[in-house]
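All of the numbers you see were taken from the coordinates with simple rules; none came from a lab. Keep in mind that what you see is a predicted model, and the values were worked out from it rather than measured. Here the Cβ positions follow ideal geometry from the backbone for every residue, glycine too, while neighbour counts run over all protein chains shown.
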Ligand code: TXA
Ligand code: MG
């Protein structure tokens, strides 16, 4: 199948009509949102949902989000809109918030992975909302990556994963946020955050003070792995976003992480751990670094340390300043994908504070990491 790439800004009426026809007839169209690119199909068509699972290589028990263009569509898809859901919608739509409500009969179980609830969001991308409006059907859309790969934040990343498997890629440039939407379950008495995103716990609590974090997200600070109970969003149980090379995540402040990296370089320099280590089949190993601007600068000032020459400047990806988590969020998936095109043997990543937007960033980094280490 030929995958056509259409630039949002240059898309004329005729092409829009062809795209909408393709959606209505069960075709697959990757679409831009403010978070990440989605892999869209007609959300009310069971066959389209099956095609989405197939194209992504995704287990079909992992439900899809329905993307809508307006409130009228919402009313058709759910049986009830609770007052809390109403408040959240008013505060954050269009925007990076997905809400879960009881589904109406017209939503096929194939779209919801067999659940009687449905996840819905109104994306903050005008072109995508216009396409949904013209197609007159919600777009079922998981992130437009092959299952397990980092979510795509550019049309080029979608192309890498899905060309030949889908009909269209609608290109609207880089996504702004770069992390998937916050998911809030509104089916119970108190709303529950199932997946952290750029609409943070603190922002949600201002609107609805009884909001809870799903137990699976409540972190035991001394445990390396945060998932202790079964997550309620089925997708959260899978190891996600993984780069191809093993990744070590160091959580702590710049000074402690710097010290650890210098210690690691010193060890590698002495070849001590490498004789037996699975990680170091190649010696000297190629080390990829995903770190803040601050840590990159601090590392540079230690260029005389033993093992420093093992660092290849081309394998340092600075994700931005620790004073600007929005930029870090927008760069995380770019960084993970960057290393898939390099020959790094392993990746060392610096974590951020688990607060505000940092909660969503750390959630993704911990899922991507093979090992995590905390310095408390
Ligand atoms: O920002 C986003 O949310 C992006 C863009 C494309 O909109 N979409 C996205 O979709 O991240 P996906 O499929 O990669 O993640 C959807 C998550 C999964 O973890 C899934 O298990 C959960 O939402 N989910 C969907 N429906 C659900 C439901 N009824 N109950 C609980 N969790 C649900
Ligand atoms: Mg995804």
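Data table
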item	result
Reduced Cα scattering model of region 146-193, Debye log10 I(q)/I(0), q = 0.13, 0.21, 0.31 Å⁻¹	-0.46, -0.79, -1.21
Full-stretch length increase - residue 17, residue 309 - with 0.36 nm per residue and alpha-carbon distance subtracted	99.5 nm
Max mean-square fluctuation residue, GNM over the chain, Cα-Cα springs under 10 Å, options 300, 286, 103	300
Taking 333, 355 and counting other C-beta atoms within 10 Å, the order from fewest to most	355, 333
Tilt relative to the chain, helix 46-56 - C-alpha long axis, 0 to 90 degrees, to 10	10
In Å, descending, principal axis extents of the Cα set of region 115-205	44, 29, 26
Alpha-carbon centroids, region 280-350 and region 71-85: separation in whole Å	45
Near-label residues of region 34-59 by backbone N, under 15 Å of a point 7 Å along Cα→Cβ of residue 25	42, 48
Gain in span if fully extended, residue 156 to residue 76, counting 0.36 nm per residue against the direct Cα distance	25.4 nm
Ratio of the Cα radius of gyration of region 35-169 to 2.2 N^0.38 Å, where N counts its residues	1.00
Modelled FRET efficiency - R0 30 Å, residue 47 with residue 341, Cβ distances, 0.05 increments	0.30
Fraction of the pair-distance distribution of region 1-64 above 15 Å, Cα-Cα pairs, percent	56
Equivalent ellipsoid semi-axes - Cα gyration tensor, the chain, angstrom	38, 24, 17
Max mean-square fluctuation residue, GNM over the chain, Cα-Cα springs under 10 Å, options 344, 30, 335	344
Among 320, 164, 288: highest mean-square fluctuation, GNM of the chain, C-alpha pairs under 10 Å	164
Segment residue 371-residue 2, length gained on full extension (0.36 nm per residue, minus Cα span)	128.9 nm
Rounded, prolate or oblate (a/c below 1.5 giving rounded, otherwise prolate when a/b exceeds b/c) for region 321-376 by Cα gyration tensor	oblate
